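Down below is the structure, laid out as structure tokens.
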Amino acid sequence: MNAKDRDNLYKLFRDMADVLGTSRMTEIALESFIRAIQSLKCPREAILPLFNELSECIKHSRPRVVPLIHLLEEFEDEMRFTRSDVDLEEIRADAVTTLQEKLDAFRERVQRLTERGAHYVQDDDVILVHSASGVVIKILLNAKEKLQRAFKVIVLKQDFNKTRQLIQALLQAGIAHEVVPEYDLIHHLPQATKLFIGAVAVTPDRNVVASAGTAGIVSQCHIGRIPVYLFVNSLKFSHQSSQDQHIHRKEEAETREGLTYSLTTYSHSLVALQLIDHVVTGTGELKRAPAV
């Protein structure tokens, strides 16, 4: 895979994560990998190197897609023991079965997290939601549909493409909500009871990689004594520090009203774990961040 193809893949990952959340993007990536294996045409001796090439590319994504990387590392380890006398179709079938098992197990993890997370929604809550985290959306839907909780959501709007799915899900579920610009948060803190966020990764140096703008939102809630809840799949705990998460930095020229300038942006925020009051995984709430 050449540099241009890698950059396009990483941009696709970022766009999908912004719109669907990292967990759903991980599922789609695994589904795509399975379909690619099923349709791949190559000599028997080329198939494992092709698997490894794709895995190595994904491991260097910007930012790192930590749950997907963990699953592909497991896949690589298991495929490494493929016997030399196994033919192409057997390798293909084994690879598809292995990836499907990992996809199913990942979905079960997400389901456990969203079911457990729904119990953190209580009647009369006013919950701040900042990003289109697929896990947070499912938690809100479960709280409404399965637990019959009566609550309100305040959507802190970013770019419309990032919040479209969240707004649509709330509308379809009949969940009371209000959409406000994220820069107006200070005016809505007095009525808020909780902030729910998801994550791309949790790092061993006690930082959370989250959607752009999350750091400022969490800081305001911390100062305003609004409890911050992080709902995170355990596969998102990374072995690499926050500085090794490959957060994407972009510089582009913008021209407005005759003025041209260079705008620098980063794809994600870093949030200090100490600012988060509750870290919830599929197995329960963590009393402290785990060593990773």
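Between GLU252 and LYS152, what is the label-to-label distance in nm when each label sits 7 Å out along the Cα-to-Cβ direction?
Modelled inter-label distance: 3.6 nm.
Could you check the spin-label model distance between GLU89 and HIS119? Points 7 Å from the Cα along Cα→Cβ, value in nm.
Label-label distance for GLU89 and HIS119, simple model: 4.9 nm.
Looking at the square roots a ≥ b ≥ c of the eigenvalues of the Cα gyration tensor of region 168-231, which shape do they give, rounded for a/c under 1.5, prolate if a/b is larger than b/c, or oblate?
Oblate, since a/c reaches 1.5 and b/c is not below a/b.
To check you understand DSSP bridge types, tell me what percent of the beta bridges within region 170-292 (both residues inside) are antiparallel, rounded to 5.
Of all bridge pairs located within region 170-292, approximately 70 percent are antiparallel.
Which of the lysines could be linked to LYS287 by a straight reach, that is with a Cα gap under 20 Å, when you skip same-chain ones fewer than 8 residues away?
Cross-link targets: LYS194, LYS236.
Of all beta bridges DSSP finds with both residues in the chain, what is the antiparallel percent, to the nearest 5?
Taking every DSSP beta bridge with both residues in the chain, the antiparallel ones total about 45 percent.
Which of the peptides 27-34, 180-187 is most tightly packed, and how do the rest follow, going by the mean number of other Cβ atoms within 10 Å of each residue?
Output ranking for 27-34, 180-187: 27-34, 180-187.
Can you classify region 176-292 as rounded, prolate or oblate using the Cα gyration tensor, where a ≥ b ≥ c are the square roots of its eigenvalues, rounded means a/c under 1.5, and otherwise it's prolate if a/b beats b/c and oblate if not?
It is oblate, given that a/c is not under 1.5 and a/b is not larger than b/c.
If one takes the longest principal axis of the Cα atoms in the chain, at what angle in degrees, from 0 to 90 and to the nearest 10, does the Cα axis of helix 88-118 lie?
Compared with the principal axis, the helix lies near 10 degrees.
Number of Lys pairs in region 14-156 with C-alpha atoms less than 20 angstrom apart, excluding same-chain neighbours closer than eight positions?
4
Computing the accessible area with a 1.4 Å probe over protein heavy atoms, can you report the carbon and sulfur percentage for the chain?
Reported share for carbon and sulfur atoms: 50 percent.
Below 13 angstrom from the Cβ of VAL121, what's the summed charge of the other residues (Lys, Arg +1; Asp, Glu -1)?
+2
Let me make sure I get this right: for the chain, a, b and c are the square roots of the gyration tensor eigenvalues over alpha carbons, sorted descending. Under 1.5 in a/c it's rounded, otherwise prolate if a/b > b/c, else oblate. Which is it?
Because a/c hits 1.5 or more and a/b exceeds b/c, the chain counts as prolate.
Ordered by packing density, taken as the mean number of other Cβ atoms within 10 Å over each peptide's residues, highest first, how do 103-113, 190-200 rank?
Final packing ranking: 190-200, 103-113.
Can you compute the FRET efficiency between LEU286 and ASP104 using 1/(1 + (r/R0)^6), with r the Cβ-Cβ distance and R0 = 25 Å? Round to the nearest 0.05.
Computed FRET efficiency for LEU286 and ASP104: 0.50.
What whole-number value in Å² describes the accessible area per residue of the chain for a 1.4 Å probe?
Heavy-atom accessible area per residue stands at 50 Å².
What's the ranking of 10-21, 168-179 by average number of surrounding C-beta atoms within 10 Å, highest first?
Per-residue mean Cβ counts within 10 Å order the peptides as 10-21, 168-179.
So what is the calculated 222 nm ellipticity per residue for the chain, using -39500 (n - 2.57) for each DSSP H run with n of 4 or more, over all residues, to the nearest 500 deg cm²/dmol?
-15000 deg cm²/dmol
Once you put a point 7 Å from the Cα of ASP77 and another 7 Å from the Cα of ASP184, both along the Cβ direction, what distance in nm separates them?
5.0
The values are calculated or read from the model by the stated rules, or taken from the named source; none is laboratory data. As the structure is a prediction and not an experimental result, all values here were calculated from the model. We place every Cβ from the backbone using ideal geometry, glycine too, and count neighbours over all the protein chains shown. Ligands, DNA and RNA are stripped out before the accessible areas are found, and what is left, the full protein with its side chains, is counted by its heavy atoms. Shrake-Rupley method; radii C 1.70, N 1.55, O 1.52, S 1.80 Å.
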